[in-house]
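Comments concern the structure below.
The values are calculated or read from the model by the stated rules, or taken from the named source; none is laboratory data. Quick caveat, the model's predicted, so the values are computed rather than measured. In this analysis, Cβ positions are derived from the backbone assuming ideal geometry, glycine residues included, and neighbour counts consider all displayed protein chains.
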């Protein structure tokens, strides 16, 4: 069973905090065979990066939400893993530091509402504050909306672990970003599985973060 998503999470991406779901806009899907993609990806003049492990990637999905104010890119991999990037626009008059502080407050309040440990941490990379999350037993979608725009929790979850996600949230210029990598636990999960998953997903998320911070649209990766 999936615990009902808390609408409070919408505050991260939507100006309309009463919205019950994200309104979908234009979308795009692409698929590859093994070794047919370099991993390089760019979104207009907003960002570019190289996704890790491109030989294992199966497909990419892109979708606009909320009157094109939110854009999600998702790459799905062979081993029940997916890597997501969400980018959205900061409201006029709000500084980058104010927005990071707001995001951090929002995540801490959401953690309390969910009564679920987000393992929230803050570190610096590329001269900017990065919010780090680790969420155990999160579902890959809500009833109407995709992860990570919503983050419903499996309740009850398989023991010792059902799934895991690692997140990196930050602000650059007028845009807020969330990198979120997700993976289902294997069927034979044991007490070491969470540690192994945490290590591999953290490496994946940080590689995406470092690539995105180093790359400028129009410049080779």
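Things to note:
- Test: residue 156 is part of a loop (DSSP other than H, G, I, E, B) and either closer than 18 Å to residue 52 by Cβ or at pLDDT 95 or above (or both): no
- Residue within segment 112-133 that is modelled with pLDDT under 95, within 27 Å of residue 185 (Cβ to Cβ), in contact with a strand residue (DSSP E or B) (Cβ under 9 Å, 6 or more places away or on another chain) and not in a loop (DSSP other than H, G, I, E, B) present: yes
- Checked against the criterion of being more than 14 Å from the chain's Cα centre (by Cα), crowded, with 18+ Cβ neighbours inside 10 Å and on the phi > 0 side of the Ramachandran plot, segment 161-175 contains not a single residue that satisfies it.
- If the condition is being without any contact (Cβ under 8 Å) to a residue 12 or more places away in the chain and closer than 24 Å to residue 73 by Cβ, then segment 95-152 contributes 102, 123, 141.
- Residue 192, sole failed condition from (1) surrounded by fewer than 16 Cβ atoms within 10 Å (Cβ to Cβ); (2) touching a strand residue (DSSP E or B) at 6+ places or on another chain (Cβ under 8 Å): (2)
- Segment 38-48 - residue that is out of contact with any helix residue (DSSP H, G or I) (no Cβ under 9 Å at 6 or more places or on another chain) and part of a strand (DSSP E or B) and, of those, nearest to residue 103 (Cα to Cα): 43
- Here residue 97 qualifies as surrounded by fewer than 12 Cβ atoms within 10 Å (Cβ to Cβ), over 17 Å from the mean Cα position of the chain (by Cα) and either on the phi < 0 side of the Ramachandran plot or modelled with pLDDT of 95 or more (or both).
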